[in-house]
Amino acid sequence: MFQPLRLSLALVLLWGTAARAEPTHGGRIERARAVTVAGGPDEPLPEIHVAGDLPTLLLFSTPIQKKTLTFDESRIRVLDAGELSVIVQAVTDLKEGERHEMGVFFADGRAPSRAAFVLVTDPTEVDTRINVRRSEPLAAPCPSEAQPRVPQPEDFVLLGYVGEEGVSVTPIKDVEDEAQGLKATSGLFYRGQGWALVSLKIKNQSTQPKRSPREAMFTRTLGSSLQARVVVDGEGVIKPGGFGRVLAVVDAPMLSTDTHFTLELRGDDGRSLRVPDLRFPKFVMGGEQ
């Protein structure tokens, strides 16, 4: 199934090489050029000239997150997308004054974090190859001054973590294990597109040593278990007599809502807390019922 995509890429590269010998196509001049990504909202977006009968190859200098590609599917086709390239083509030549934005996030997250372009059709020329460059900051900040980009709500949609079904949430019953000196309260089970997350407020009894949750596993009587990532809010340590918010995150494209799981949270001190009888929440809109 990937042969046509590879063929498209090969043809575009071939057209780019042959452009010097035969620089026209259907009366349009073929161009291979470089554009620089807009560094801020006040800068205009680079304009890319596309056509309905010739693909345009965009080559990026740093890896992109191809799942974050946004474009008007009714007017623009993406023939192929990889770690460093995207091949696009208009469904038909765009009308005069018709402009469509296409964007994609870079994988490293540094500014500018997103590359965006305006796609138009020009009657005299078409871009067959675009080398995409990122503008460099005027002065690199000191490591102590550098601040990570704060995630925005739209990022979760663009990254594919939230689909048309939205996010389902169900409460979890409190669990206390006196022998382990641990108690879980305020539990919530979230489910989104291809992921699930359990959020718990863990109390560490005052007679117990400090605790740092390290591992999480969703286990079931039959079938394979699901290894989860552990995230601890704050300093990552729950002191004696203290509380800490612990998240257990699992990535899975297909999550069964009919299977009962037990979540086991293990700490660096050898103690573990089991939260039994969990079921992945069902989608309430447009998904499973």
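The values are calculated or read from the model by the stated rules, or taken from the named source; none is laboratory data. All figures in this text were calculated on a predicted structure; none of them were measured in a lab. Backbone-built Cβ (ideal geometry, glycine too); neighbour counts: all protein chains shown. What goes into the accessible areas is simple: the full protein's heavy atoms, side chains included, and nothing from ligands, DNA or RNA. Shrake-Rupley method; radii C 1.70, N 1.55, O 1.52, S 1.80 Å.
At a 1.4 Å probe radius, which order do VAL78, VAL198 fall into by accessible area, largest first?
Working: VAL78 45, VAL198 0 Å².
Sorted by accessible area, descending: VAL78, VAL198.
Go through LYS67/LYS183; LYS67/LYS95; LYS173/LYS210 and tell me which ones have a Cα-Cα distance over 30 Å in this structure. Intermediate results must be reported in sequence, preceding the final value.
Working: LYS67/LYS183 39 Å; LYS67/LYS95 28 Å; LYS173/LYS210 24 Å.
Distance filter (> 30 Å) returns LYS67/LYS183.
What list of ³J(HN,Hα) couplings, whole Hz, do you get for the stretch 70-87 from phi and the Karplus terms 6.51, -1.76, 1.60, once you set θ to phi - 60° and write x for glycine and proline?
10, 6, 7, 5, 6, 10, 10, 10, 9, 6, 6, 9, x, 5, 10, 8, 9, 10
Using the Karplus equation 6.51 cos²θ - 1.76 cosθ + 1.60 (θ = phi - 60°), what ³J(HN,Hα) coupling, rounded to whole Hz, does each residue of the stretch 185-194 give in order, writing x for Gly and Pro?
Computed from phi, the couplings for the stretch 185-194 are 9, 6, x, 9, 10, 9, 9, x, 7, x Hz.
Sticking to Cα atoms, compute the Rg of the stretch 33-82 to one decimal and its Dmax as the biggest Cα-Cα distance, whole number, in Å.
12.3, 33
Can you tell me which of 95-101, 26-32 comes out highest on packing, and rank the rest after it, using the mean Cβ neighbours within 10 Å? List each step's numbers first, then the result.
Details: 95-101: 11.6, 26-32: 15.6.
The packing order, highest mean first, is 26-32, 95-101.
Per the Kirkwood definition applied to all pairs of different Cα atoms, how many angstroms is the hydrodynamic radius of the stretch 82-140? Working shown, then result.
Values: mean 1/r = 0.0726 Å⁻¹.
One over the average 1/r among Cα pairs gives 13.8 Å for the stretch 82-140.
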